[in-house]
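The structure appears below as structure tokens.
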Amino acid sequence: MATQDATDGSTGSGAEPLRESTPGERPPGPDGVPVVGNTLQFLRDPVAFYDRCAAFEDDVVAYRIATSDGYMLTHPADIERVLVTDDADFRRASIIQDSLGQIADGGLFLMEGEDWKAHRSALQPSFYRDRIETYAEMMARFSDERAAEWRGRDSVLVSEEMRTLTLEILAKTLLDVDVRGQESALRDAAAAVSDRFDAGSLSALLPLWVPTPANRRCQRAVKQFDEAIADIVADRRASDGEFDDLLSILLDLELDDADAEAQGLTETEIRDHLFTFLFAGHETTALTLSYAVFLLANHPEKQARLHDELDEVLADGGEGSSADAASPSASDLFAFDYLDDVVDEALRLYPPAYTVFREPTRDVSLGGYEIPGGATISMPQWVVHRDERWYDEPDTFRPERWTEVFRDALPEYAYFPFGGGPRHCIGMRFALMEAKLVLATLAQRFAFDPVTEPPLDLSMQLTLQPEDPIEVALDER
Ligand code: HEM
């Protein structure tokens, strides 16, 4: 894509589309074969397919996967229109409804219309800033305990460790359940579901009832997950304790039905919400942490700068806190500028949600092209976050680029790891606070040395996964 002059890492010069409108013209795109279009190219290597589409240097690229006409949008102004300005003209894409909908179609992620609005506003209080801050102490404590377990070890599979830690934290904060040591049913379900929806596998295109090995594994894992969740819900219903978490909100929620009668949620609705939150909430944050640790391990000078900041801020026992110097707390987070930049840069280079899909409910015009209602629109963070128009040396890990000037000059939606508009990630604050607290705690205790080195092989599952576990060597500080 076109490069512009950049002195501070940004272009900052407006966000005009690259091309003029040419009514009726089809956007450029990779050649396909009859009937299946680009399906085989995509299945062979989804990451390469996205990169190939990006190489057309147009803001709209057309392709065809399975039976669906796809349009990749990469201009921030078009993305803002879809997610924010004209969001009423777009809904969740059928490919997501047809895939994830087979497992949890009643969760917040897939709901639409008035139903979604009512559920989103009822669940939002669990994610308010003051509520999230009450989780900080527990997040820091769990990270502390994990760091203690790492003592004496030469290396860790950081991607596996982070998946377990973020699941423990989420189960404790949202359900008040301590799953430490027995998280396997929840964790295995998430891994099997993610694997089954690997964009590079044929099983992702087949219905869940087709007995492929991945489908069978997925169904078994979902069954175990359902049993684990049913037990947690039953225990809570039987308990006469006082609770103040997402599960208690779900169990007490009463919403008007079509006849304006207040109704509690069904067991299926509660299960679908819990599945959605547990899945959307732990895998994504675990990946953010894993990629951040991987990047730091492979960039010792950036890691040294982070260590300096951590040592400086925590040396006096933490800014505004009487906490033990060894334990970063929520109030310390305000003082960690470089930590913020590291997390933002990791989310730019390796966005766990690597694309956002939508489907226009009617014919629309975007980036100068007509896009038919019912088409699949993909807005890939994977491509936009590495666009030279907005990022100088886009493939380089450079947390320093995130100056105030750069942030102010960056077009809205040139960076959108948490989506945008009314359906932006409800867990964004939670995820950022958790990622920063965990990273601060672990990086304060250890220096990470590279075992897994770049380039990383990536796999586009429901989230952007490393093909093999990420390993780092540990050096106690
Ligand atoms: C770094 C971590 C995370 C990333 C990168 C991330 C990313 C995203 C993105 C891009 C969306 C919008 C998808 C779309 O518009 O199609 C989204 C939605 C959502 N996220 Fe997250 N997320 C993260 C953490 C979390 C956490 C911690 C939770 C819950 C505890 C969560 C729960 C959800 C839910 C329920 C939605 C659907 C919201 C709705 O449609 O109203 N996410 N997330």
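The values are calculated or read from the model by the stated rules, or taken from the named source; none is laboratory data. Values in this document were obtained by computation on a predicted structure and should not be read as measured data. Cβ coordinates were reconstructed from backbone atoms using ideal geometry, including for glycine residues, and neighbour counts include every protein chain displayed.
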Specify the residue that is nearest to the ligand (Cβ to nearest atom); the eligible residues are those in segment 127-156 that are over 19 Å from Ala473 (Cα atoms) and among the aromatic types (Phe, Trp, Tyr). Phe127
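Let's see how each residue does on (1) hydrophobic (A, V, I, L, M, F, W, C); (2) in the same structural domain as Met111 (by TED's automatic domain parsing):
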| residue | (1), (2) |
| --- | --- |
| Gly368 | no, no |
| Ser378 | no, no |
| Asp387 | no, no |
| Asp395 | no, no |
| Arg407 | no, no |
| Arg423 | no, yes |
| Met433 | yes, yes |
From the options Phe418, Phe406, residue that is in contact with a helix residue (DSSP H, G or I) (Cβ under 7 Å, 6 or more places away or on another chain) and among the aromatic types (Phe, Trp, Tyr): Phe418
Could you go through segment 37-52 and let me know if any residue there is under 22 Å from Leu410 (Cβ atoms), among the aromatic types (Phe, Trp, Tyr) and in contact with a Phe, Trp or Tyr (Cβ under 9 Å, 6 or more places away or on another chain). yes
If you go through segment 38-56 one residue at a time, how many are outside any helix (DSSP H, G or I) and either over 22 Å from the mean Cα position of the chain (by Cα) or crowded, with 19+ Cβ neighbours inside 10 Å (or both)? 3
Going residue by residue through segment 246-267, is there one that turns out to be more than 25 Å from Arg120 (Cβ to Cβ), free of Cβ contacts under 8 Å to residues at least 24 places away in the same chain and not hydroxyl-bearing (Ser, Thr, Tyr)? no
Taking only segment 279-310 into account, find how many residues are under 16 Å from the mean Cα position of the chain (by Cα) and more than 8 Å from the ligand (Cβ to nearest atom). 7
Residue list for segment 457-467, filter: of a type outside the set (Ser, Thr, Tyr) and surrounded by fewer than 21 Cβ atoms within 10 Å (Cβ to Cβ): Asp457, Leu458, Pro466, Glu467
Taking segment 433-445 on its own, how many of its residues are away from the ligand (no atom under 16 Å from the Cβ) and either surrounded by fewer than 23 Cβ atoms within 10 Å (Cβ to Cβ) or in a loop (DSSP other than H, G, I, E, B) (or both)? 2
Given segment 329-412, what helices (runs of 4 or more DSSP H) lie entirely inside it while holding 1 or more residues that are surrounded by 21 or more Cβ atoms within 10 Å (Cβ to Cβ) and touching a Phe, Trp or Tyr at 6+ places or on another chain (Cβ under 8 Å)? 337-349, 381-384
Determine if segment 427-439 includes at least one residue that is of a type in the set (Gly, Ala, Ser) and over 22 Å from the mean Cα position of the chain (by Cα). no
Only one of Phe416, Phe448, Phe430 is away from the ligand (no atom under 16 Å from the Cβ), surrounded by 21 or more Cβ atoms within 10 Å (Cβ to Cβ) and either in contact (Cβ under 8 Å) with a residue 40 or more places away in the chain or not acidic (Asp, Glu) (or both), namely Phe448
Within the group Gln102, Gln97, Gln124, which residue is in a helix (DSSP H, G or I), touching a residue at least 40 places away in the same chain (Cβ under 8 Å) and within 12 Å of the ligand (Cβ to nearest atom)? Gln124
Please indicate, with yes or no, whether at least one residue in segment 146-160 is within 20 Å of the chain's Cα centre (by Cα) and free of Cβ contacts under 8 Å to residues at least 24 places away in the same chain. no
Those helices (runs of 4 or more DSSP H) completely within segment 159-278 that have 3 or more residues that are at pLDDT below 85 and closer than 26 Å to Met460 by Cβ are 184-196, 213-238
